[in-house]
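Peer 1: Below is one structure. I have some questions about it.
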Amino acid sequence: MSVGAPRGLASSGQKPIAEILHPLSAAEEPLSPGPDVTEDVGGDKEAVLTNGTPVETSSPASASSLLNRLQLDDDLEADGLDLYVSTETRDLFVTVDDPKKHVSTMETYITYRVSAKTTRIEFDLPEYCVRRRYQDFDWLRIKLEDSQPTHLIPPLPEKFVMKGVVDRFSEEFVETRMKALDKFLKRVADHPVLSFNPHLNAFLTAKDLNKRQGLALLTKVGESVKHVAGGYKLRARPAEFCAMGEYLDTFNQKLGTIDRIAQRIIKEQSEYLTELREYGTLYSSWAASEEELQRPLEGVASSVATCASALEDLSENMSQDCLPVLREYVLYIESMKNVLRKRDQSQAEYEGRLEAAVLRRQEDRTPMPVEVEKCQDRLECFNADLKADWERWQSNKRQDFKQLLTGMADQNINHYEKCQAGWESLITLLQDKQTDDKSGETN
């Protein structure tokens, strides 16, 4: 193998999942930084019948929002067909739901039901149902990151929350975290390499996870990436990976600004909602002391109450639907930057070993060491896997943000339609009152 001419390796993330029997079973792919073992995962199995993955549907709030939704359908479908695994070819379905609170003398925590349905031969049963807590998901992510250093591992929602600000046992917080954990596990299960990781198998099937001992998984690739040639400075990152880093920095800055403004808007909406409710109550109390103006004043109070209810729904949707997506992609950016750093370390290791080998060869004409070729192979695999995961992440991002923005449009349209309907009902009431007054004067 020629060290100076890098080979083009097929990325382990580019094949449809239906064509992959196992990351190491394809003989035509000599190198892959995917799962390094094919050994079965032990552990007690708990089989419980579960429903299929739920499909959520939502209807637009108006004809205009329906038109906007339909105009985006073609783009969403195109993104979905590019890199997403279709339902027909997918052979592993996972769901996270049914949160339950557990109280003991030592601690209080939440567990979630993790259901899996599969036709893969690596699983002994077609269906599994286990309960997992947040630290189990965190264990899975750490294991994936250690054993698959060349791949982008989806982020988990942040573990720690500010005490006194967010109640981590509140229904809203638990619901938001459950959705984030469900999205994390679905992204892993849909990945053509991560989904075959034996740690995922254990997470989905083992009744009790032995997180201290872990699995006997070979992590030679990860260890070699961690221990880089001492003090060697990377010559130059390839232009395509430089562009990735610059994009991530810009995207992170934009998301951070949007997140700060969105949180400020929610805070101001909360303060305005308090004032609005007090404002409506004043009209109700005024109506009790004004017999002639009772109906109009009660109408104003009703219109204000309608606006307050619409604003509350809008603010709640923004907190539960918008902010989690923004935060997820901020964390996603950190994960992608971490993979880029590992890629740079792999390149630095290869360049350092190559330079040392060239110097030795000039001195005593020794052949090129095998370690140099192995370093080049790892770097090529790193590049191929990172490119494939980058494309998959970009497709994820386009679909997620199109759905987010469409939902925001629907929610705002619905909000203003409710407010408009509330005030229009007041106009009708005032017109009826004016007609009644004129009739009374005539009589």
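Peer 1: Would you please report the Å³ per residue occupied by the convex hull of the alpha carbon atoms in region 237-278?
Peer 2: Taking the convex hull of the Cα positions in region 237-278, it is 36 Å³ per residue.
Peer 1: Roughly how many Å² of residue 124 are accessible to a 1.4 Å probe, to the nearest 10?
Peer 2: Using a 1.4 Å probe on the heavy atoms, I get roughly 120 Å².
Peer 1: Moving on to the next point. Roughly what would the spin-label model give for residue 159 and residue 259, points 7 Å off Cα along C-beta, in nm?
Peer 2: 1.8
Peer 1: Sorted by accessible area with a 1.4 angstrom probe, largest first, how do 286, 390 fall?
Peer 2: Sorted by accessible area, descending: 286, 390.
Peer 1: Also: List, in the order given, every pair from 179/267; 183/402; 186/374; 179/337; 186/337; 143/337 whose Cα-Cα distance in the structure shown is over 27 Å.
Peer 2: 186/374
Peer 1: Follow-up. What FRET efficiency comes out for residue 240 versus residue 402 if R0 is 22 angstrom and r is the Cβ-Cβ distance? Round to the nearest 0.05.
Peer 2: Here the calculated transfer efficiency is 0.30.
Peer 1: Quote the charge dipole size of region 261-391 about the Cα centre in Debye, to the nearest 20; the model charges only the Cβ of Lys and Arg (+1) and of Asp and Glu (-1).
Peer 2: Charge dipole, region 261-391, about its Cα centre: 900 debye, nearest 20.
Peer 1: Now for a different question. Lys/Arg Cβ at +1, Asp/Glu Cβ at -1, dipole of region 239-433 taken about the Cα centre: which of 350, 370, 339 is farthest positive-ward?
Peer 2: The listed residue farthest towards the positive side: 370.
Peer 1: For residue 327, what accessible surface area do you get with a 1.4 Å probe? Give it in Å², rounded to 10.
Peer 2: Rounded to the nearest 10, the figure is 90 Å².
Peer 1: Would you rank 209, 185 by solvent-accessible area, highest first, keeping every protein chain in place and using a 1.4 Å probe?
Peer 2: 209, 185
Peer 1: Averaged across orientations, what area in nm² does the convex hull of the alpha carbons in region 239-433 project?
Peer 2: Here the figure is 14.0 nm², rounded to one decimal.
The values are calculated or read from the model by the stated rules, or taken from the named source; none is laboratory data. This is a predicted model, so every value here is computed, not measured. So basically every Cβ, Gly included, is an ideal-geometry build from the backbone, and we count neighbours across all protein chains shown. Calculation scope for accessible area: heavy atoms of the full protein, side chains included, ligands and nucleic acids excluded. Shrake-Rupley method; radii C 1.70, N 1.55, O 1.52, S 1.80 Å.
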